[in-house]
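Beneath this line is the structure, given in structure tokens, with notes to follow.
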Amino acid sequence: MRRRLASSLSLKLLAGQLLVVIAGAVTLLLVAVAVGPGIFHHHIEMALGYVPAGVQRHLNMAYGDATLISLAVAVGAAILLALALSALISGRVVRPVRALARAAEEIARGAHHARVPERGSDELAQLARSFNEMATSLERAEHVRRQLLADVAHELRNPLATIESYVEALSEGVLPADAENWEAVRLETARLNRLVNDLQKVSSAEAHQLDLSRTRVELGAVIQDSVRAAAPAYSAKGVALEQTIDGPSPVVVELDQERFSEVLANLLANALRHTPTGGLVRVSAGERAHLAELTVADNGEGIAPEHLERVFERFFRADPARSRSSGGSGIGLAIVRAIVEAHGGTVTAASAGVGHGASFTIQLPVASHPGRRVASATAPGRPPRAQ
């Protein structure tokens, strides 16, 4: 295929140049035959006066021979130059295209590491750079896909193995069919179902297929509901949970309250998981540069600098030794990022290092207008006191 490509481009380029040369030669010949003799005779008569017929015939022959010889030499030189330029330009054009074709074939066979040389700054060099960027994206996507398949297989294997062992033991009478053992099976089944649902949420959000029912709500009210829901778990572990709402007026955002409550629930659960007894988790919100900003900060385990960019990846765990039962499914922060980005916002993680706590900051567009009417997100009952 590469030989056919090179041959085709070279022949087409050469044919185009020869066509220009031939068209120019034919045009020159027609002009020389149609117009040249008259002009030549006119100047001879003006210079010499009367010219005998024999002399005029020799002059015509001389004019024709000179014209044909000049035209032949010019056409020959033009053809040789066309051949040389065709070979030179074909080499400059065909070589990069041939490299692109070879790299594309390798990528099609699964060799996503294939790249092409980037030389110069012309259109072919830009094409090579774009191709390499595409290949890098494909290689990264393939790596993520393989890692995801391996992680999903691993995550599904554990609950399935537990369920299988319980069912086998119950069916053979090794374990009694009492409420405790059936509850263990139910918990593993719920864990499996939760994992599948979480994966579906992340995939839908990342594919921009997440249905959002947006309404204008006060961000502080959404935070109060989420803090109230998380308070019992924090009390049970002995971790303080505080909230701070900055600014003289409420910050109004347009969001899907149910989806965003899930974002806050995941952030609060993550903070509780990584904060020891006696620690503190603070939720703060306010308006910064026309953006609603929400931060969940803790003084717990912290995050190593090299892990900050990966904490939102599916199944990523800074501590691989932590079990799923105590360390979560590994999808919570991926769900947070997917839902926040579906709302047109951003989420970032920050930490001074291991042992110095961590903070997660969400920024969302503000939907604040004078005389606005907003829905109340606070359920009946007294809201938690803002600290």
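Tabulated data
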read-out: L138 vs. criteria surrounded by 12 or more Cβ atoms within 10 Å (Cβ to Cβ), more than 30 Å from A334 (Cα to Cα), free of Cβ contacts under 8 Å to residues at least 40 places away in the same chain and not assigned by TED's automatic domain parsing to the domain that holds F315; value: no
read-out: Some residue of the stretch 252-261 being aromatic (F, W, Y), assigned by TED's automatic domain parsing to the domain that holds G355 and within 23 Å of G344 (Cβ to Cβ); value: yes
read-out: Options G76, G38, G64: the member that is under 60 Å from the mean Cα position of the chain (by Cα), without any contact (Cβ under 8 Å) to a residue 40 or more places away in the chain and part of a helix (DSSP H, G or I); value: G76
read-out: The listed residue being under 24 Å from the mean Cα position of the chain (by Cα), β-branched (V, I, T), modelled with pLDDT of 90 or more and part of a helix (DSSP H, G or I), out of V340, V336; value: V340
read-out: Residues of the stretch 83-137 satisfying the condition of being assigned to a loop (DSSP other than H, G, I, E, B) and within 30 Å of L18 (Cβ to Cβ); value: R119, G120, D122
read-out: Residue check for A271: in contact with a strand residue (DSSP E or B) (Cβ under 6 Å, 6 or more places away or on another chain), more than 21 Å from R216 (Cβ to Cβ), buried (at least 16 other Cβ atoms within 10 Å of the Cβ) and assigned by TED's automatic domain parsing to the domain that holds T348; value: yes
read-out: Qualifying residues in the stretch 294-310 (those that are of a type in the set (D, E, K, R) and more than 25 Å from the chain's Cα centre (by Cα)) - the one nearest to N266 (Cα to Cα); value: D298
read-out: Residue among A358, A292, A379 that is at pLDDT 90 or above and touching a helix residue (DSSP H, G or I) at 6+ places or on another chain (Cβ under 7 Å); value: A292
read-out: Some residue of the stretch 119-134 being among the acidic types (D, E), outside the structural domain of L11 (by TED's automatic domain parsing) and over 22 Å from the mean Cα position of the chain (by Cα); value: yes
read-out: Positions within the stretch 225-265 being closer than 21 Å to P365 by Cβ and among the polar types (S, T, N, Q), in sequence order; value: S226, S249, Q257, S261
read-out: Pairs where the first residue, in the stretch 155-166, is surrounded by 13 or more Cβ atoms within 10 Å (Cβ to Cβ) and the second is not in a helix (DSSP H, G or I), C-beta under 8 Å, 6+ apart; value: E155/F315; E155/S329; E155/G330; Y166/L175
read-out: Unique residue being touching a residue at least 40 places away in the same chain (Cβ under 8 Å) and more than 59 Å from the chain's Cα centre (by Cα) when the list is L83, L29, L59, L48; value: L29
read-out: Residues of the stretch 119-136 satisfying the condition of being modelled with pLDDT under 85 and either among the hydroxyl-bearing types (S, T, Y) or farther than 16 Å from A101 by Cα (or both); value: R119, G120, S121, D122, E123
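Quick grid of which residues meet (1) of a type in the set (S, T, N, Q); (2) under 30 Å from N158 (Cβ atoms):
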| residue | (1), (2) |
| --- | --- |
| R194 | no, yes |
| D198 | no, yes |
| S203 | yes, yes |
| R216 | no, no |
| Y234 | no, yes |
| E242 | no, no |
| V251 | no, no |
| L272 | no, yes |
| G286 | no, no |
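The values are calculated or read from the model by the stated rules, or taken from the named source; none is laboratory data. From a predicted model like this one, the values you see are computed outputs, not experimental measurements. Quick reminder, even Gly has a Cβ in these numbers, built from the backbone with ideal geometry, and neighbours come from all protein chains shown.
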